[in-house]
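The values are calculated or read from the model by the stated rules, or taken from the named source; none is laboratory data. Just so it is clear, the model here is predicted, and its values are computed rather than measured. Positions of Cβ are backbone-derived with ideal geometry, glycine not excepted, and every protein chain shown enters the neighbour counts.
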Amino acid sequence: MLSQCENDAMSLLSHLDHAPRDPILGLTEAFNADDRADKVNLGVGVYQTEEGVVPLLDCVATVDQRIIAAAKPYGYLPIDGLKAYDRAVADLVLGDSVERDRVAVVQSLGGTGALKVAADFLQLVGPEATVLISDPSWENHRAIFTRAGFTVETYPYFDAATNGVDIEGMLSALLSAEAGTIVVLHACCHNPTGYDLTPDQWDRVLAVVAERGLVPLLDMAYQGFGHGLAADGAAVGKFARAGITCLISTSFSKTFSLYGERVGALTVVCADAEEAATALSQLKIVVRTTYSNPPTHGATVVATVLDDPELRQQWEGELAGMRERIQRMRVRLREGLKAATGVDLAHITTQNGMFSYSGLSKEQMIALRTEHAVYGLDSGRICVAALNERNLPTVIAAIGAVL
Ligand code: LMR
């Protein structure tokens with residue numbers, strides 16, 4: 001018989017290294033464990049109300065109540081999800097840009113789930129392709145595509161010298177990319193920088209993508225948080241109209257405040273109806289072998305709201321309310337910092353969406369966390385959507401102290 005000691009030495013898991021904490025959700029774990037009373041979490045991208053809580057939108061509460069009042073058994077959804085939801089997503093994301101028979105949609109577990117399904121699907125299409133993500137990008141982009149088996153590289157995006165987009169650097173990287181390279185683009189509210197391409201810049205990117213035969217994957221997790229549904233969705237419309245194959249990952253976590261419900265979708269715009277049917281058949285294999293089929297509740301809520309004119313109008317109003325509050329918080333933070341420190345961080349009010357790429361260094365961000373209990377990402381990203389009149393003074397004092 002082996003001794004306990006020999007058994008330990010041979011343990012199946014003994015060679016495993018302890019994985020690093022997730023750079024975003026791991027920060028929430030650290031925040032939750034922090035017992036300082038005036039702590040502020042500006043790490044994860046979660047919108048909070050003036051009262052500092054995640055909102056339950058009225059349109060969502062109405063549908064929740066209807067669902068409870070007419071309670072139904074929880075059967076399985078089809079592998080590709082609730083049909084009404086998939087249709088509503090295609091309408092929201094694509095508008096009238098493309099005929100629906102050229103489009104394959106699968107409901108997914110949030111935007112992250114859509115990216116994972118996209119990554120596994122693209123592995124089937126071309127396992128040798130390189131994936132290009134923006135520099136910088138959402139931390140999970142690299143991880144998702146690397147784990148799916150791709151080589152992940154970056155294209156220039158943020159230009160610290162001008163505090164804006166390095167469009168020439170981006171275009172020249174895309175121009176020298178091999179045909180078939182997958183390019184992950186942020187459709188709006190770039191995460192983490194908050195700097196988006198102008199309509200003209202999108203046209204230039206699209207022209208290079210088409211000319212070089214690249215594969216665009218537009219990640220759209222914040223439609224409506226920047227300038228409104230139509231303006232934020234415009235880039236996706238351009239790509240869909242261009243007649244090239246493109247993929248769009250969508251999330252309703254933020255825009256419906258349905259974080260825990262994991263409501264997302266992957267939309268693939270194909271060359272024709274036959275190709276769309278083939279793509280859908282393969283997407284269903286990916287889903288079936290990953291989580292079988294998606295959950296019912298969140299998608300039912302979103303589909304019901306999007307399909308009902310009154311609820312839809314209410315949602316658009318609530319979405320506008322969140323967007324406008326974020327913009328107010330940007331102004332309040334910029335003004336507060338200027339008044340307290342004399343430093344005008346003007347970029348805070350020119351960036352879009354729920355994040356501000358503050359320009360603070362990793363050392364400053366660590367000091368904010370350890371000395372002032374204000375949590376943001378090491379990259380300098382802070383979630384301005386979690387600011388409110390009560391925590392602003394704490395945040396302003398803390399940033400002022402590390403500047
Ligand atoms: C973020 O960037 O903070 C959000 O998209 C949440 C997440 O899953 O990382």
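Filtered by the rule that a residue be over 15 Å from the mean Cα position of the chain (by Cα) and within 11 Å of the ligand (Cβ to nearest atom), segment 368-381 gives GLY376, LEU377, SER379.
Inclusion of TYR47 among residues that are away from the ligand (no atom under 16 Å from the Cβ), among the aromatic types (Phe, Trp, Tyr) and within 30 Å of GLY353 (Cβ to Cβ) is not warranted.
Taking the listed residues ALA114, ALA61, ALA71, the one that is touching a residue at least 12 places away in the same chain (Cβ under 8 Å) and small (Gly, Ala, Ser) is ALA114, with no other qualifying. The listed residues are THR278, THR290, THR267, and the only one of them that is at pLDDT 95 or above, within 20 Å of GLY126 (Cα to Cα) and buried (at least 24 other Cβ atoms within 10 Å of the Cβ) turns out to be THR267. Looking only at residues in segment 211-232 that are acidic (Asp, Glu) and part of a helix (DSSP H, G or I), the one that is nearest to the chain's Cα centre (by Cα) is ASP232.
Scanning segment 315-344 for residues that are under 23 Å from the mean Cα position of the chain (by Cα) and in contact (Cβ under 8 Å) with a residue 60 or more places away in the chain gives TRP315, GLU316, GLU318, LEU319, ALA320, MET322, ARG323, ARG325, ILE326, MET329. Note on segment 21-43: among residues that are farther than 12 Å from ARG369 by Cβ and touching a Leu at 6+ places or on another chain (Cβ under 7 Å), the one that is nearest to the ligand (Cβ to nearest atom) is ILE24.
If you filter segment 62-95 down to residues that are in contact with a helix residue (DSSP H, G or I) (Cβ under 9 Å, 6 or more places away or on another chain) and assigned to a loop (DSSP other than H, G, I, E, B), you find that the one that is surrounded by the most Cβ atoms within 10 Å (Cβ to Cβ) is GLY81. From the list VAL208, VAL183, the one residue that fits, being over 14 Å from the mean Cα position of the chain (by Cα) and buried (at least 23 other Cβ atoms within 10 Å of the Cβ), is VAL183. For segment 370-392, the tally of residues that are among the basic types (Lys, Arg) and either buried (at least 24 other Cβ atoms within 10 Å of the Cβ) or touching a Lys or Arg at 6+ places or on another chain (Cβ under 8 Å) (or both) stands at 1. Output the residues belonging to segment 152-172 that are over 13 Å from THR130 (Cα atoms) and either of a type in the set (A, V, I, L, M, F, W, C) or part of a helix (DSSP H, G or I) (or both). If the condition is that a residue be over 13 Å from THR130 (Cα atoms) and either of a type in the set (A, V, I, L, M, F, W, C) or part of a helix (DSSP H, G or I) (or both), then PHE158, ALA160, ALA161, VAL165, ILE167, GLU168, GLY169, MET170, LEU171, SER172 are the ones that fit.
Remark: GLY353 matches the filter, which requires a residue to be crowded, with 23+ Cβ neighbours inside 10 Å, modelled with pLDDT of 95 or more and either on the phi > 0 side of the Ramachandran plot or away from the ligand (no atom under 16 Å from the Cβ) (or both). Within segment 141-151, restricting attention to residues that are part of a helix (DSSP H, G or I) and among the β-branched types (Val, Ile, Thr), the residue that is nearest to ASP219 (Cα to Cα) is ILE144.
This table checks each residue for (1) crowded, with 23+ Cβ neighbours inside 10 Å; (2) out of contact with any Pro (no Cβ under 8 Å at 6 or more places or on another chain).
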| position | (1), (2) |
| --- | --- |
| GLY149 | no, no |
| ALA161 | no, yes |
| ILE167 | no, yes |
| CYS189 | yes, yes |
| PRO192 | yes, no |
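For segment 118-146, name all the residues that are within 16 Å of the ligand (Cβ to nearest atom) and either at pLDDT below 95 or touching a helix residue (DSSP H, G or I) at 6+ places or on another chain (Cβ under 6 Å) (or both). Residues satisfying the conditions are ALA119, ILE133, GLU139, ILE144, PHE145.
Restricting the first member to segment 370-385 and to residues that are over 17 Å from PRO192 (Cβ atoms), and the second to residues that are at pLDDT 95 or above, the beta-carbon pairs closer than 7 Å and six or more apart or on different chains are HIS372/ALA398; HIS372/ALA401; ALA373/ASP34; ALA373/ARG36; ALA373/LYS39; ALA373/VAL40.
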